[in-house]
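Chemist: Take this structure first; my questions come after.
Each reported figure results from applying straightforward, stated rules to the coordinates on display, with no laboratory input. Computed from a predicted structure; not experimentally measured. Because the Cβ atoms are built from the backbone with ideal geometry, glycine has one as well, and the counts that use them run over all protein chains shown.
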Amino acid sequence: MESVCEVPTTDSAPRGPVHAPADLHLPKVFGGVELGPWEDLSPTEAMLGDYVADPAVMLVYSRRGVIGYDEVAERVSAVTPRDPAGGLTGRRTMRTQTEHARRTRRPPHLEAVRLEQDQLGHRPIELPDIDGHLSYTVTASDITFRTDESPIEWRFSLTFPPAALSSGVVPDDVAQPLAWRIADPVKGVWFLPFDALVRRGAIDRWQDVRDELVSVVTPGALPLFISHRWLDTARPDPDGRQARLTAWQLVAAACEAVEVAAARGLHEPRRKWAPLGCRAGVGGSDLVESMIVALLRPTFDDALLRRAVSEARSVEELLGSSLVALADADTGLPRLRAVLDNRPVLAALTGRIHLWIDYCCLPQPPRIDDEELEFRAGLRLLNAVQLMGRTVILLDEVEEYTRRAWCLLEALTADRWSNGFDVLSSLAENTDPAGDPYDHLSRLLLDLPHVVWRALLDTEVLGTTAWRDALARLDLDVTDPDDLPYIYERLRAIPAPVRLHTMAGDLITGVVPLPELAPGIVAAPNDGSRPIDPLPTTPVGEAPWAHVPTLEGRGPVGATAPPRESAFVPLVRWSPAGRGRPEAHVAIIAACEGEAVLIADSLERSLGELEEFFGVDVTSRSWLADDVAPVGALVFAGLGREPIAAPNWILVTTSVRKEHCTVTSMLATTARRAGLALGWVLLDDGAVAVEDGFPAAQRDAGDVDSGLTIVALPPGGPARLGGVYRRDLAVFVSGADDG
Amino acid sequence: MAETDLADVVPRMWGAFQAGDIGTVEAYVDRYLEALGAATDRFTIVPEPLRSDSSAIEAWVEFAVTVGRLLAGRGDQRLLSRIMSSDDNPIARWQDTVSEAQLLRQDGRFEAAAELLAAIIPELRAARGSAVDTLLGKALGQAGANAFDVGDTDEALRLTDEALRECERTGDAEGVSIYSQNLATIAAAAGDDGLSAVRARLARAQQLHDGGRLDEARDLIIAVLGEVDDRYRAKAHGLLGMIQYRLGDRAAAREHTRRALDAGRCVGDQAAIAIYTANLQVIDQAP
């Protein structure tokens, strides 16, 4: 085996002593990078003007003297190219946004008038032909079109979108609860019926409510996992406020579910406009839709629905006021009990909501007899309980919530595994769009899973951080330090984030493979901004080795198997195996270097199976990292271009990158135009696909005149230290900035 | 020198200035004399991260003046005259103040923005000219919005009403549209328009429509139609026309949409005219 690019070199070699500052978590060569004017600048100062640091400087600046991942993220965001959609959002960035939202919040009665005024604008029935460039914005309730040339806004409720949006409308019902398929009790899994919570008016400990708990969720019931912050180390909800907020908001959601079902039709599915993913027609939040699917459809007919509508409308005005204020004024929930006592259909409906709340559903200390066993069994199944139904987050301060280790674990589990989460707010200002905690949490959860994933990769794959240090660098709090090993293990079990968030300032490192047309001559793309070409593929099937690698299977915490050394190298070449099969190159496109190493290691361990499956001899492997959150350790931290002669390329990435990532499309399009045959391994689906002509015995003539530049590129050339930002990738790859 | 290099130099100069090291600032000026003299924008525009801190803004201005004087002492007057001309030219100063106030407002610093505007509005009122025509309405409208956001509805009403009249006088159609809506919002908040209940019911009707509860929405508007005045007549008939269209009553839809269009024309509401004209076409062309 021949390895190349083991040590990044640079065409602007660093001056000064080269040492390896361990706290940078970068290759040794970065010890010589001079920060110059960036040396003493704070992130705020670093944002002066629109200054952007060279990637190598950015990497050192963001890490020198810094420990926490949040702080690294803040520094990265401060000195990377600005993106119109906003930059990397860590907790620190979000804190700034929250402070801004607080400053701009109006007094509540004025905000109410402003929201009322918002309803009084003129509304069109259809979108006419309008001159000029038409832009649009979508909210949870509306889509608004406008042009630069006119102040007039064409605003449509998503319930009645314009006809132009009717062609891509597809059914979009939420799934039935997984819990319905589990007929037998599972040790350690208990749920608290909603009416028990209302009757008690408080969140009580498991030992006090055990007689009221249920162990099986039957069809017609809805399990909700309540994720919340403990407000006291002994009792999570000392004054019962969380119980009141949960109860009132779930009743309001049930009433909305009744209205939506009545307006849309009990068995009519929710619909969405697929291209934008927004609702099309009558619909509610995912929580409301879950209630329709799980509570209404199995047990209601039209007559009962009409009775439920009548009951819901009798409390519409009450529930239309501030739910937080209602809850705050209803200590012990006597008022809510009175509301439900007089509305039997609503009471029966909400009574089939089953809550999982840790304090009620896991035995609490001191634990006697078999309670400890029960507790351990329940703890092991936390993720499973989340998967059984929906996760509802009772949210106050977003930053505080995500700093609690248990809460973060629950939010990430819901985000990655159980179809998202719903938010119940415990802040009165939750109706204020500028301060809506749901928006803040959603924005944070766009990037936070990436930050956590890098922390885990640093520990499990790159070995630069001990697992306790990784949690400390994530700035996570936990009431009982003994919980940390379990929490870490569960975080480790969550696979890589699949949601794609890309920005102009993504850091691209690794090796860009380029098709070799003749020795030392390659085809490089010259139109990196061109739209993605269609990718006609034929599914071949699934393969165990094609699934996204997780960290869970790498051995016990603290004793995981290190990756093989070759995985750390972004380009590896092998001699042909001599079996006479067509040669192939494997190109990995990953979210960061740690993930690239993980995938490379996993694939190389299954290389023989991959070769058999595709009918090829793999003669080289490259990896490329497209990192939206370069906060973790980097092992290569440079970007090179290398000629690849194999007539077949196997692109290894995720399905979302295949469809939407311009880096992936650039590689695929370049290869296809150069006459190469393509195969795909889509890690999130475990799916394998090939394009027409795969495997090819030799390179086709291709269409090298279309969007490609022929350039001289001998193998083993220098890599650009620090990599390049995404916005500069096309220029770098085409060689236009050489010299 | 390349612009990107200057991007490194200015923060270094700023750092030295903050540390009281004028000698270093002077050394940079000597070294990058031509580039700094040509890049006046780098000094006359306060960097965004500093704008939230009034003492930092003050320091930055001092820094810019210092660099301007150092450059002037070496024969390059461009930066200093740019800074000073802003002070000496009232129109440039008013424009800068309105822009600065807008930035403060966007950052939620309503009171600081109000203070800036309060200092120039009397001067604008006393001045004449096309530049003043453009600026006075904006300054008044912005000041009214600031007053609303800090809860002073009386002041908000007074300023926004003046902004509206100023825009009507100068023929600023966009200003008329925006400040009319603002005035309605503020009046409702102040409880001065006598139409709070009408507004609330119209808003509720829109919500019912958006929730697919068309019959209820229709009944609510029909009940309120007799109480609306010119400000809300177009909205009420327009929404009723749309609801009737969705309910399949084309004749009623056409009738109410026509009335909405007429009401919009009566008050010069350009959005109402454009949208209800389009709606009428949809209704007429419906199969």
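Chemist: Along Cα→Cβ, 7 Å out, is where each label goes; now give me the distance between the ones at B:Glu62 and A:Lys187 in nm to one decimal.
Modeler: With each label point 7 Å from Cα toward Cβ, the separation is 7.3 nm.
Chemist: Using 1/(1 + (r/R0)^6) with R0 = 60 angstrom and r between the beta carbons of B:Ser99 and A:Arg297, what's the FRET efficiency to the nearest 0.05?
Modeler: For B:Ser99 and A:Arg297, the calculated efficiency is 0.60.
Chemist: Enumerate the calculated ³J(HN,Hα) couplings along the range A:266-275 in order (Karplus 6.51 cos²θ - 1.76 cosθ + 1.60, θ = phi - 60°), each rounded to whole Hz, writing x wherever the residue is Gly or Pro.
Modeler: So the J values, rounded to whole Hz, are 3, 9, 7, x, 5, 10, 9, 8, 4, x.
Chemist: Also, quick follow-up: Within chain B, which whole H helices from DSSP have a Cα span along their axis of at least 20 Å and a mean Kyte-Doolittle hydropathy of -0.5 or more, if any? Numbers along the way, then the final one.
Modeler: On the way: long enough: B:3-18 (23 Å, -0.10); B:54-73 (28 Å, 0.96); B:90-106 (24 Å, -0.62); B:110-126 (24 Å, 1.02); B:130-149 (29 Å, 0.34); B:153-170 (25 Å, -1.06); B:173-190 (25 Å, 0.74); B:196-210 (21 Å, -0.60); B:230-247 (26 Å, -0.53); B:250-267 (26 Å, -0.79); B:270-285 (23 Å, 0.57).
Helices meeting the criterion: B:3-18, B:54-73, B:110-126, B:130-149, B:173-190, B:270-285.
Chemist: Now for a different question. To the nearest 20 debye, what charge dipole does the protein assembly as shown have about its Cα centre, counting +1 at the Cβ of each Lys and Arg and -1 at the Cβ of each Asp and Glu? Present the calculation step by step, with values, prior to reporting the outcome.
Modeler: Working: 102 positive and 152 negative charges, 306 e Å.
Once rounded to the nearest 20, the dipole reads 1460 debye.
Chemist: Can I ask one more? Mind checking the full-extension length gain between A:Thr538 and A:Arg95? Use 0.36 nm per residue of separation minus the Cα-Cα distance, one decimal, nm. Numbers along the way, then the final one.
Modeler: Values: separation 443, 0.36 × 443 = 159.48 nm, distance 4.65 nm.
In short, 154.8 nm is gained.
Chemist: Pairs of alpha-carbon atoms within less than 8 angstrom and 6+ residues apart define the contacts here; what relative contact order does the range B:196-285 have, in percent? Mind showing how you got there, number by number?
Modeler: Values: 103 pairs, mean separation 20.1, N = 90.
With pairs under 8 Å counted, the relative contact order is 22 percent.
Chemist: Another question, then. Can you give me the C-alpha center-to-center distance between the range A:621-674 and the range B:227-262, rounded to a whole angstrom?
Modeler: 57
Chemist: Modelled label-to-label distance, A:Arg335 and A:Val731, 7 Å Cα→beta-carbon offset: nm?
Modeler: Rounded to a tenth, the inter-label distance reads 6.2 nm.
Chemist: From the gyration tensor of the Cα coordinates in the range A:507-734, what semi-axes in whole Å does the equivalent ellipsoid have, largest first, with each one equal to sqrt(5λ)? Kindly include the intermediate steps, with their values, before the conclusion.
Modeler: Details: eigenvalues 122, 90, 56 Å².
Semi-axes, largest first: 25, 21, 17 Å.
Chemist: How big is the shadow of the Cα convex hull of chain B, averaged over all directions, in nm²?
Modeler: On the way: hull surface 81.3 nm².
With the hull built on Cα positions only, its mean projection is 20.3 nm².
Chemist: I want to check the label-to-label distance for A:Glu609 and A:His109. Put each point 7 Å from Cα in the C-beta direction and report it in nm to one decimal.
Modeler: Once both label points are built, they end up 6.9 nm from each other.
Chemist: Roughly how many whole Å is it from the C-alpha centroid of the range B:139-191 to that of the range B:1-50?
Modeler: 41
Chemist: Compute the angle between helix A:108-119 and the longest alpha-carbon principal axis of chain A, please, reported from 0 to 90 degrees and rounded to the nearest 10.
Modeler: Roughly 70 degrees between the two axes.
Chemist: Moving to a separate point now. How much of the DSSP bridge set in the range A:511-656 is antiparallel, in percent, rounded to the nearest 5?
Modeler: On the way: 5 of 23 bridges.
Percentage antiparallel, nearest 5: 20.
Chemist: Using the number of other C-beta atoms within 10 angstrom as an exposure proxy, rank A:Arg103, A:Arg337 with the fewest first.
Modeler: Details: A:Arg103 14, A:Arg337 17.
With the sparsest Cβ surroundings first, the list reads A:Arg103, A:Arg337.
Chemist: Enumerate the residues in the range A:272-315 having an amide nitrogen under 19 Å from the point lying 7 Å beyond the Cα of A:Glu659 toward its Cβ.
Modeler: Correct set: A:272-280.
Chemist: Counting DSSP beta bridges with both partners in the range A:584-739, what percentage is antiparallel, nearest 5? Write out the running numbers ahead of the final one.
Modeler: Numbers: 6 of 24 bridges.
Within the range A:584-739, antiparallel bridges account for around 25 percent of the total.
Chemist: Right, something else. Find how much the distance from A:Ser322 to A:Ser310 grows on full extension, using 0.36 nm per residue of separation minus their present alpha carbon separation; answer in nm with one decimal. Provide the component values of the computation, followed by the final result.
Modeler: Values: separation 12, 0.36 × 12 = 4.32 nm, distance 2.14 nm.
Length gained between A:Ser322 and A:Ser310: 2.2 nm.
Chemist: Turning to a different aspect of this structure: So how far, in whole Å, is the C-alpha centre of the range A:346-379 from the one of the range A:174-242?
Modeler: 6
Chemist: Semi-axes, largest first, in whole Å: what does sqrt of 5 times each Cα gyration tensor eigenvalue give for the range B:196-285?
Modeler: Numbers: eigenvalues 66, 57, 19 Å².
Output for the range B:196-285: semi-axes of 18, 17, 10 Å.
Chemist: Taking R0 as 60 Å, what's the FRET efficiency between A:Ala377 and A:Ser575 from their Cβ-Cβ distance, rounded to 0.05? Show your work: numbers first, answer last.
Modeler: Details: r = 53 Å, r/R0 = 0.88.
For R0 = 60 Å, the calculated efficiency reads 0.70.
Chemist: Test of understanding: what is the full-extension gain from A:Asp232 to A:Ala712, defined as 0.36 nm times their sequence separation minus their Cα-Cα distance?
Modeler: On the way: separation 480, 0.36 × 480 = 172.80 nm, distance 6.65 nm.
Value of the extension gain: 166.2 nm.
Chemist: Shifting gears a bit: Given 20 Å bins starting at zero, what is the percent of C-alpha pairs of the protein assembly as shown in each, up to the one with the largest pair distance?
Modeler: Final binned percentages: 11, 35, 38, 15, 0.
Chemist: Return a whole-number percent for the relative contact order of chain A, with Cα pairs under 8 Å and 6 or more residues apart as the contact set.
Modeler: On the way: 1402 pairs, mean separation 121.4, N = 739.
Dividing the mean separation by the residue count of chain A yields 16 percent.
Chemist: Only residues of the range A:298-322 count here: report those whose backbone N is under 18 Å from the spot 7 Å along Cα→Cβ of A:His267, or say none.
Modeler: A:298-306
Chemist: To make sure I understand, if each residue's beta carbon is the centre and we count other beta carbons within 10 Å, what order do A:Cys278, B:Cys266, A:Cys592 fall in, fewest to most? List each step's numbers first, then the result.
Modeler: Working: A:Cys278 19, B:Cys266 12, A:Cys592 26.
With the fewest neighbours first, A:Cys278, B:Cys266, A:Cys592 line up as B:Cys266, A:Cys278, A:Cys592.
Chemist: Below 8 Å, C-alpha to C-alpha, sequence gap of six or more: please give me the relative contact order for chain B in percent. Walk me through the numbers on the way to the answer.
Modeler: Values: 290 pairs, mean separation 22.3, N = 287.
About 8 percent, as a whole number.
Chemist: How would B:Glu62, A:Glu153, A:Glu593 line up from fewest to most surrounding beta-carbon atoms within 10 angstrom?
Modeler: Numbers: B:Glu62 11, A:Glu153 17, A:Glu593 29.
Going from sparsest to densest Cβ surroundings: B:Glu62, A:Glu153, A:Glu593.
Chemist: Still on this structure: For the pair B:Arg169 and A:Ala697, what calculated FRET efficiency results from E = 1/(1 + (r/R0)^6), where r is the Cβ-Cβ distance and R0 = 60 Å, to the nearest 0.05? Mind showing how you got there, number by number?
Modeler: On the way: r = 81 Å, r/R0 = 1.34.
After rounding, the FRET efficiency stands at 0.15.
Chemist: So how tilted is helix A:484-493 from the main axis of chain A? Cα-based, degrees 0 to 90, rounded to 10.
Modeler: 70
Chemist: Considering only DSSP beta bridges where both residues belong to chain A, give the percentage that are antiparallel (nearest 5).
Modeler: Numbers: 47 of 86 bridges.
Taking every DSSP beta bridge with both residues in chain A, the antiparallel ones total about 55 percent.
Chemist: Just to confirm the number: angle between the C-alpha axis of helix A:241-264 and the first principal axis of chain A, 0 to 90 degrees, nearest 10?
Modeler: 90
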